[in-house]
Amino acid sequence: MKTSLKTKLVTSFLAVIIICGLAATVVGIHLIGDTIISQAQDRVRTDLNSARHIYQDEIHGVEAILRLTAQRFFLENAILERDTETIKMEFNRVRKRESLDILTLADETGRVIVRAQNPFINDESQEHDELVSRALSTREVVGATVIVAREELLKEDPDLAEQAYIKFIPTPRAKPSLETEQTSAMCIKAAAPVFGYDGSLVGVLYGGNLLNRNYKIVDKVKETVYQGVRYKGKDIGTATIFQGDLRISTNVKQEDGSRAIGTRVSEEVYEQVLVKGLPWIDRAFVVNNWYIAAYEPIKDIKGKIIGILYVGILEEKFMDMRKKAIVIFLGITLAGMAIAVITSGFLADGVLQPIKRLVFASQQLAGGNLDYRIGTFRGDEIAELAETFNLMASSLKERDEQLKEYTQQQIMKSERLATLGQLAAGVAHEINNPLGAVLMYTHLSLEEMEAGDPRRQNLEKVVGEATRCKDIVKDLLDFARQTEPKVEESDANEILERALSLLENQALFQNVKITRVFSPSLPKVMMDSSQIQQVFTNIILNAAEAVNGEGGLTVATRIALDGKSIEIEFTDTGCGVSQENLEKIFDPFFTTKQVGRGTGLGLAVSYGIVARHKGTINVKSELGKGSTFIVKLPIRREA
Ligand SMILES: Nc1ncnc2c1ncn2[C@@H]1O[C@H](COP(=O)(O)OP(=O)(O)O)[C@@H](O)[C@H]1O
Ligand SMILES: [Mg+2]
C-alpha cells in the first residue's frame, strides 16, 4: 500500500515534534529535579548554620550564668568562711532559676567545696578537669561541649547518671558496634574563676547542662528555623545532637511517635563526619523517612570530635514540589506538542488541498474532459502550477479540435475518393469492352476501304478519339486499381532521376529550371518503383504546366523529422491553387485545364498509389506564388 503524502508529511512533523518534545521533557525534568534538590540543599546548609548558632548561644548562655554567679558577693565570704549552707541555698536558687543540671564550687586549687545536688562527696580535686584547670590558669570564663563519665555524673547528681544512660537501638545502616549502651553524658559546661575583694583568686565555679534527653536545643532549632511547620502530619524540619554516632537529643520521631533516642547514624555519615571531620550534605534516610540532611562534627575544647549536629528537611515536600513542577512542565510540553500536531495537520492540508485539486483535474483531463479548469487560489507556486495546468488544458483542447477536424476531412476525402473510384471503375469496365469493339470494327472497316476513299479520314478520327477514350479508361482503371503494389527495395532518388530524365528533354520543360536537392543518405524503401515513378511524373508534369513553360522547380528528398519515413518535396513557382480548389485537386476528373488538355485524373491516380504504399501526399499552395507537393513514404511498411 502506498502511503499518502499527508501521512508522510504529518508523520515527519510528528517525528520532529516528538523528538523535540522528548528532549525538552528529559532535559526539563532533570533541570527541575536538580534545581529543586540543590535549592533544598542550600536551604539545609543555611539551616545548619542557624542550628550551630543556637548551639553556640547555649554555650554562651551557660558561660554567662557562671560568670554572673561567680561575681556575686556572697561567694567570697562563704568561701573564706567555708559557709557551705549559704552557698548551697543560693546554688539551689540559681540552679532552679537557670535550670542548670550541675553547679559546683571548688577552691583555688580545684578542690570541691560545695556541689549543689550532692552534699556528701566533698574535698576532692577537680584539677584534672580541662575546663576547671583552664579557668584557674587563665582566670577567664571558659565554656565548651564535654563528655562526662558516669562516675563524675554520680558524684554530681545520681539522677544525671540515669538521665545520661541510653540503651542502643539496633539501626539498619549504622556502623556495627560491640557496645550496647551509653553510660557517659555529653554536656555543655563552663567554668568561671572567683575573685576575692583584693582581686586574688579564691576559687572556681563550674556548671552546665546535660544534652542527653535534653531537647531544649533541638526543639529551639525546630521552632526558630522551621517555625514548627508540618507537612502531611509530619514535622518539616528536624534537628538532632549525636554523642558519637548515638542520637541523644532529637525531634525525629519513631513510628510510635516517641523521639528516636538510642538510634545511630548511618555508616557513611559516620565515616565522613566522625572520622574525617567533614560536613555531609545529601539526602539521607533518617529513622523512617527520607530527609535532605546536613551533618557537621561537634568538637570538645581540645578540638576532638565527640559528636554530630544534624538538621534535615523532609524530602517528601520537595519531591511533591518536583512532581508538581514536572506535571506542569509536562502539561505545557504536551499542549505545545498537541498544538504543533494540529498546526502541522492544517499546514499539510494547506499544501495538499491544491495538489488534490490538481490531481483531480489531471484525472478529468486524462478521462477526456478537456473543458475542466482549476479555479485559481492564493498567490504562490502552486497557484502558478494551476495556471500552467489550465493553459496546458486549453492548448490540448485546441489541438484536439484541430486534429478532429483534420481527421474528419481526411476520412471524408478518402471515402469520397473510394466511392468515386468504385463508380469510375464500374463505368470504365462497362465502357472498355464496347470501346474495344468500336476500335476493332473501325480498324476492320479501314482495312476494307480503298486507300483513297474519302470516308477514310472520318474513320481515322473515330480511331483517334476512341483511343483517347481508351487511355482515359485505362487511367480510370489505374486509379481504381485495388491490387497491392509489387514492392521491392528501391531508391527514391534513382526513381526521381529516371522520371526527370524522361521529361527534361520535352518541349514543355525547355525553359523550366530544375533544381535537385537529393539527400545522399536517403534509405531505400519498399515500393513499386514503376507506380511511384508514375506519381512523380504526374506531379512534375503538373508543375511544368503550372509554371506555363517558364519558371523553377525544386525537387528535394530527405528523411522526415520523425525519422520513420522519407519525404520527396516538389516546389514550383507556378500559378498556385486557390483555397477552394485545394480540397478538390485530388478528386478524379477535377481539372482547371481546358477540355482536351487535362483529364483531372493525374493527382487522383497518384493519391491512390501513395495511399496503397501507406504514404501521404500533402499540398501547400498560394495562388500566384507557387505550390509545394510533399510525398511521404514510410521507410518500413507495417503489415
Ligand atoms: N503544380 C500545380 N500548380 C497549380 N495547380 C496545380 C498543380 N498541380 C495540379 N494543379 C491543379 O490540380 C488540378 C488537377 O490536376 P490533375 O489531377 O493532374 O489533372 P490535370 O492535370 O489533368 O488537370 C489541375 O487542373 C490544377 O488545377
Ligand atoms: Mg495533371
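Tabulated data for the structure shown
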| read-out | value |
| --- | --- |
| Residue-normalised accessible area of the chain, expressed per residue, 1.4 Å probe, Å² | 54 |
| Cα-centred dipole magnitude for the chain, charges only on beta-carbon of K, R (+1) and D, E (-1), debye, nearest 20 | 780 |
| Fraction of alpha-carbon pairs over 23 Å apart in segment 418-521 - percent | 59 |
| Using a Förster distance of 35 Å, the FRET efficiency for ARG455-LEU423 (Cβ separation, nearest 0.05) | 0.45 |
| Calculated [θ] (222 nm, deg cm²/dmol) that DSSP helices of n ≥ 4 give over the chain, each run adding -39,500 (n - 2.57) | -17000 deg cm²/dmol |
| Pairwise label distance in nanometres, ASN289 with ILE305, each label 7 Å out on the Cα-Cβ vector | 2.7 |
| Rounded FRET efficiency, nearest 0.05, which uses the C-beta distance separating GLN39 from SER99 and R0 of 35 Å | 0.35 |
| For the chain, Kirkwood radius (reciprocal of mean inverse C-alpha pair distance, Å) | 38.3 |
| Nearest-10 value in Å² for the accessible area of THR616, using the 1.4 Å probe | 60 |
| Convex hull of Cα atoms in segment 455-584, direction-averaged projection (nm²) | 11.3 |
| LEU358 versus HIS443: modelled label distance in nm, points set 7 Å from Cα along the beta carbon direction | 7.9 |
| Contour minus Cα-Cα distance for ASP371 and SER578 (0.36 nm per residue) | 71.0 nm |
| Cα-derived Rg over Rh, computed across segment 552-639 with Rh taken as Kirkwood radius | 1.00 |
| Estimated Rh, segment 204-295: Kirkwood, alpha-carbon pairs, angstrom | 14.1 |
| Spin-label pair GLN56/LYS216, simplified geometry with 7 Å Cα→Cβ offset, distance in nm | 1.9 |
| Principal axis dimensions, largest first and in whole angstrom, of segment 138-277 by Cα | 63, 39, 33 |
| Charged-residue dipole, Cβ positions (Lys, Arg, Asp, Glu), segment 143-231 about Cα centre, Debye nearest 20 | 600 |
| Residue-span extension gain [LEU14 to GLU405] - 0.36 nm each, minus C-alpha spacing | 135.3 nm |
| Cα gyration tensor, segment 1-73 - rounded (a/c under 1.5), prolate or oblate | prolate |
| Calculated on alpha-carbon atoms, Rg and Dmax of segment 258-352 in Å | 24.7, 84 |
| Phi-based couplings in Hz for segment 507-513 (Karplus 6.51, -1.76, 1.60; Gly and Pro marked x) | 4, 4, 9, 3, 10, 9, 8 |
| Extension gain from VAL487 to LEU178, taking 0.36 nm per residue of separation minus the Cα-Cα distance | 98.6 nm |
| Long-range Cα-Cα pairs in segment 1-149 (distance over 23 Å), rounded percent | 59 |
| The chain, accessible surface, carbon-and-sulfur percent (1.4 angstrom probe) | 56 |
| For THR224, solvent-accessible area (1.4 Å; no DNA, RNA or ligand), Å² | 80 |
| Compactness index (Cα Rg / 2.2 N^0.38 Å), segment 330-477 | 2.67 |
| Among LEU48, ILE87, VAL62 the positive-end extreme of the charge dipole of segment 37-140 (Cβ point charges) | LEU48 |
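The values are calculated or read from the model by the stated rules, or taken from the named source; none is laboratory data. None of the values given here were measured: they were computed from a predicted structure. Glycine also receives a Cβ, built like all others from the backbone with ideal geometry; neighbour counts cover every protein chain displayed. Side chains included, ligands, DNA and RNA excluded: accessible areas come from the protein's heavy atoms. Shrake-Rupley method; radii C 1.70, N 1.55, O 1.52, S 1.80 Å.
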